[in-house]
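Novice: Take a look at the following structure, please.
Here, each number is a calculation from the coordinates, and none is a lab measurement. Since the model is a prediction, treat every value here as computed from it, not as a measurement. Cβ: placed from backbone, ideal geometry, glycine included. Neighbour counts: every protein chain shown.
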Amino acid sequence: MGFDIAIDGPAGAGKSTIAKGIAKRMGFIYVDTGALYRAVGLYMLDKGIPTDDRDKVSAALPEITVDIEYENEEQQVLLLGKNVTPYLRTQEVGEAASVTSAYPEVRDKLLDLQRTLAEKYDVVMDGRDIGTVVLPDADLKIYLTADSRVRAKRRFDELKAKGGDPDFFEVLKEVEERDYRDSHRETAPLKQADDAVLLDSSRMSVEEVLCTIEGLIREKRA
């Protein structure tokens, strides 16, 4: 059995950055669960399957295989055997993943893969229901959040850096809509696990968050 760390929280809270940082410092494997759901969303978009049609999405799931491999300590997501990692971070794929990940059939398909990784390795896993559903017995649970305007600004800056011309208030609206959708979905809604440590990164640097979590890990392992 590995030592498992679950990091949950809303979009834009910095979960992936923190999870990757902790994994590197502690020698753990980082599992980006959101990328797995994005792969499913990408498949639906590529096939022209309406993501808001649960029946059609569910019917397509048996056709899909999603796997993970590691290259230079970086997670690579394979969809039908093809590395699709470079295509997963677009806004369109993110929105598709947010919709399809609400379906129980999609979550069930990816659950076994996530749990198998956690059984075999020391992992840091981030998502929205890791501590509540995927790894309810995780050794350490973190709920990482930040003010919605702070998270929207981070996303805005990220899009600008990629050469885009985003509108801040449109980005803020998308963040708030996604928060509502993720926290109100019927299956595995976004929420803080009862035994999770709450970390609000609104006024914390990445280094401060990493040091805080490192301290928590040492306490658990002592």
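Novice: What is the antiparallel percent of DSSP beta bridges lying wholly in the chain, to the nearest 5?
Specialist: Numbers: 8 of 25 bridges.
Rounded to the nearest five, the antiparallel share is 30 percent.
Novice: If you add up the charges near Glu69, with Lys and Arg at +1 and Asp and Glu at -1, over every other residue whose beta carbon is less than 14 angstrom from its beta carbon, what do you get?
Specialist: So the surrounding residues net to -3.
Novice: Roughly how big is region 100-222's charge dipole about its Cα centre, with Cβ charges of +1 (Lys, Arg) and -1 (Asp, Glu), in debye to the nearest 20?
Specialist: 140 debye
Novice: Charges only on Cβ, +1 for Lys and Arg, -1 for Asp and Glu: so what's the dipole of region 33-120 about the Cα centre, in debye to the nearest 20?
Specialist: Rounded to the nearest 20 debye, it is 100 debye.
Novice: Ignoring everything except DSSP H segments at least 4 long, calculate the 222 nm mean residue ellipticity for the chain; use -39,500 (n - 2.57) per segment, divide by total residues, nearest 500.
Specialist: Value at 222 nm, helices only, nearest 500: -15500 deg cm²/dmol.
Novice: Okay, moving on. Among Ala97, Thr51, Leu117, pick out the residue whose Cα is farthest towards the positive end of the charge dipole of region 33-120, where Lys and Arg carry +1 and Asp and Glu carry -1 on C-beta, about the Cα centre.
Specialist: It is Thr51, whose Cα lies furthest towards the positive end.
Novice: Classify region 100-159 as rounded, prolate or oblate, taking a ≥ b ≥ c as the square roots of the eigenvalues of its Cα gyration tensor: rounded when a/c is under 1.5, otherwise prolate if a/b is larger than b/c and oblate if not.
Specialist: Prolate.
Novice: Under a point spin-label approximation (7 Å from Cα along Cα-to-Cβ), what is the Glu92-Arg203 distance to one decimal in nm?
Specialist: Taking the two extended label points, one gets 4.1 nm.
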